[in-house]
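Participant: One structure follows; several queries about it will come next.
The values are calculated or read from the model by the stated rules, or taken from the named source; none is laboratory data. Every value quoted in this text rests on a predicted model; they were computed, and no experiment measured them. Every residue, glycine as well, gets a Cβ built from its backbone with ideal geometry; the counts of neighbours run over all protein chains shown. What goes into the accessible areas is simple: the full protein's heavy atoms, side chains included, and nothing from ligands, DNA or RNA. Shrake-Rupley method; radii C 1.70, N 1.55, O 1.52, S 1.80 Å.
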Amino acid sequence: MEKRDLSKFVKIGVFFLGPFMLTFGVSFAFINLTIFGSKQQVVNAGNLDLVLDEDENNLYIENALPMYDEVGMIQEAFTFRITNKTSMDTAYVLKLEEITVGQPLAREDVKYGLTKNKETTIDFVSNIVDNVIDEGVILGNETIEYELRLWIRDTLEEESLIQGKSMMFKLSLRMSQTEEMAYRETLLNGCDPILSENLVPVTIQDDGTVQKANIYEEWYNYQNKLWANAVVLSDKSINYADNEVIPEENIESYFVWIPRFRYQIFNDTVYSGVTTLENRVQEIKVEFENKNTQLSNGTRKNEWLTHPAFTSFDTNGFWVGKFETGYKGATSTGAAQVNSGDSAKLQIKPDVYSWRSISVGNAFKVGYDYLRSDESHMMKNTEWGAVAYLQHSKYGSSMSVRNNNNRSYKTGYASVTEPTLGYNSGTSIEGNKNGTTSDVTLPYNTPTGYTASTTGNITGIYDTSGGAWEYVMGYNINANSVGGSSELTSIYGDFFTNSRWEKYYDQYSNAEVDASKYQTGLLGDATREMGPFGDIKDPDGNSRYRTSWYGDLAYFIHPVDPWFERGGRWLNGVESGAFAFYYNSGGVSTGISFRVVLTP
């Protein structure tokens, strides 16, 4: 048989049937029945995997003749299975879809046999409604085994009915959806939240009450600035029913989904240093897309660029720690200052002490070790940029994120009034008015607290302005000493020499020590695109380099201090913000924390 180029027919999966020949006492010409698809062996459909057991690429049912059902069902079967990767029950639809190539056989002349977990259905292809050969609910962590066979009906008597004709199929797997889910898929273009067995989808009420989400109802809506949230449980053995309240004491970590998107480049100027500060604040145009969409590779203003935060992990999005990382068990500010790589101490919660005085190396180790099955890692500089850009699109608050001025470095707080003076001899104007929390700062689950969220409501990400500075994985490859003071090379000896680590950090190459050199900033990382940059004097007359976006601090990394920190500190006041960036050695500091990302 002449081999066909099937690539243009590929939709999902690898679907082939092995060859067979049975001899009948008739003179029918040989025909072909083929199931085919792409050459990958595992196909993802939301939380489900369709796993195909065939190893070869171009196997066909060849030389097929009419046969009795009993004979058809003893042919070598095409085998495959569906696996639910999560602990949640999931509805699914499995389809056998015909592709017309050449002169097709009549569907009523072809029969199929589908065996599902040893139970068999035999019927005519013509009786398959809407191409659905199986549907139902697959339980959490369940695997369903299938065998599929095709043959020509034994009652076919006219050779002309099959001579020179063929029939081709593809299998497809879809998660079953409600109308609300279908709406969100349209909105997010297929980059909806990916849930692993570690992540429980939740809704959060305005008062902070957490409930397990029913994923077949609307539990997020980015059009309405309601971002998807999920939690990691302290006791993962507990299964909560849909809409059941999850007590705070059983929540170890909160995460928020950042869907994959492309954005329209709004500033392509390359700034070499400080010039004149301007007001450049504007809406950042964002369009959601999934990883199967052709990449947008713009480099100039008004061109579109697939945000680089999503391409290194080839993902449809990532989960970001909802708050700065906290130190589990800390009951004071000082108790959360620990330079340790112990991921068991990680927690991401509101109203806990931010984990500080930790080197980049140990922060990376904590993030990397936390949930390896979900590709956990310390946040990269471009990932910070993705959050900041989404925050300033129509899907986020599009405002200056209110400063967390809690001077005890507690997570999820907001200053009562928008700080104006900012840095003043190393103190926070608002933060030192009064030692009591109620007067100067309010928690995340209050109207004031919502102003410190990326969405302006409780579903967003907190502590991107103020609190502690946050180390991110953005590194100057011209560092005076490899890794700076990060301790990375003492923990991972091959970190800067083995390519397997490259996806975990963004690389910058400027050789100047002058901290005002911004020219190697990356598109999408929320550094040089926030220019032009100006020198604003503080009340003491000291120079303070600032962005043209809300006047956030803007000091670029350099060989002496090769690591980025983001967001500002509680005492920086108005100089803190989602677009603030600064340099540091990578070593320990009482004012610097970090954040964790999951890319399941």
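Participant: Considering only protein heavy atoms, what per residue accessible area in square angstrom results for the stretch 464-600 with a 1.4 angstrom probe? Mind dumping the intermediate values first?
Facilitator: On the way: 3970 Å² over 137 residues.
Heavy-atom SASA per residue in the stretch 464-600 reads 29 Å².
Participant: In Å², what does the accessible area per residue of the stretch 100-148 work out to with a 1.4 Å probe? Don't jump to the answer; show the numbers that get you there.
Facilitator: Details: 2620 Å² over 49 residues.
Per-residue value: 53 Å².
Participant: Would you mind getting me the FRET efficiency between residue 143 and residue 417? Use the beta-carbon distance for r and R0 = 60 Å, nearest 0.05. Before the final figure, lay out the partial values.
Facilitator: Values: r = 56 Å, r/R0 = 0.94.
Once the sixth-power term is evaluated, E becomes 0.60.
Participant: Could I ask something else about it? Taking H as built 1.01 Å from N, whose amide H comes closer than 5 Å to the amide H of residue 593, not counting residues under 5 places away?
Facilitator: Close amide H contacts, sequence-distant or interchain: 469, 470, 471.
Participant: Averaged across orientations, what area in nm² does the convex hull of the alpha carbons in the stretch 490-600 project? Write out the running numbers ahead of the final one.
Facilitator: Details: hull surface 34.5 nm².
With every direction weighted equally, the projected area is 8.6 nm².
Participant: Next question. Expressed in whole Å with the largest first, what are the equivalent ellipsoid semi-axes of the stretch 194-331 derived from the C-alpha gyration tensor as the square root of 5 times each eigenvalue?
Facilitator: On the way: eigenvalues 248, 72, 43 Å².
So the equivalent ellipsoid measures 35, 19, 15 Å along its semi-axes.
Participant: Stretched out fully, how many nm does the piece from residue 332 to residue 68 gain, at 0.36 nm a residue minus the Cα gap? All intermediate terms of the calculation are to be shown ahead of the outcome.
Facilitator: Working: separation 264, 0.36 × 264 = 95.04 nm, distance 7.77 nm.
Full-extension gain reported as 87.3 nm.
Participant: Could you give the length gained on full extension between residue 243 and residue 91, defined as 0.36 nm per residue of separation minus the Cα-Cα distance, in nm? Don't skip to the end; give the middle numbers.
Facilitator: On the way: separation 152, 0.36 × 152 = 54.72 nm, distance 1.83 nm.
So the chain would gain 52.9 nm between residue 243 and residue 91.
Participant: From the P(r) of the stretch 344-398, could you give the percentage of C-alpha pairs in the tail past 18 Å? Numbers along the way, then the final one.
Facilitator: On the way: 753 of 1485 pairs.
The calculated P(r) of the stretch 344-398 puts 51 percent of pairs beyond 18 Å.
Participant: Residue 272 to residue 118: extension gain in nm, 0.36 nm per residue of separation minus the Cα-Cα distance? Mind dumping the intermediate values first?
Facilitator: On the way: separation 154, 0.36 × 154 = 55.44 nm, distance 6.85 nm.
Here the segment from residue 272 to residue 118 would lengthen by 48.6 nm.
Participant: Using r as the Cβ-Cβ distance of residue 293 and residue 134, and R0 as 35 Å, what FRET efficiency do you calculate, to the nearest 0.05?
Facilitator: Details: r = 29 Å, r/R0 = 0.83.
That gives a FRET efficiency of 0.75.
Participant: Which order do the peptides 142-148, 441-447 come out in when sorted by mean C-beta neighbours inside 10 angstrom, highest first?
Facilitator: Working: 142-148: 16.7, 441-447: 19.3.
Descending mean neighbour count gives 441-447, 142-148.
Participant: Now, a different point. At what distance in nm do the modelled label points of residue 499 and residue 155 sit from each other, each positioned 7 Å from its Cα along Cα→Cβ?
Facilitator: Each label point is offset 7 Å from its Cα along the Cβ direction, giving 6.1 nm.
Participant: For the stretch 231-319, which whole percent of the accessible surface, found with a 1.4 angstrom probe, sits on carbon and sulfur atoms? Spell out each step's value before the answer.
Facilitator: On the way: 1800 of 4270 Å².
Ligands and nucleic acids excluded, carbon and sulfur give 42 percent.
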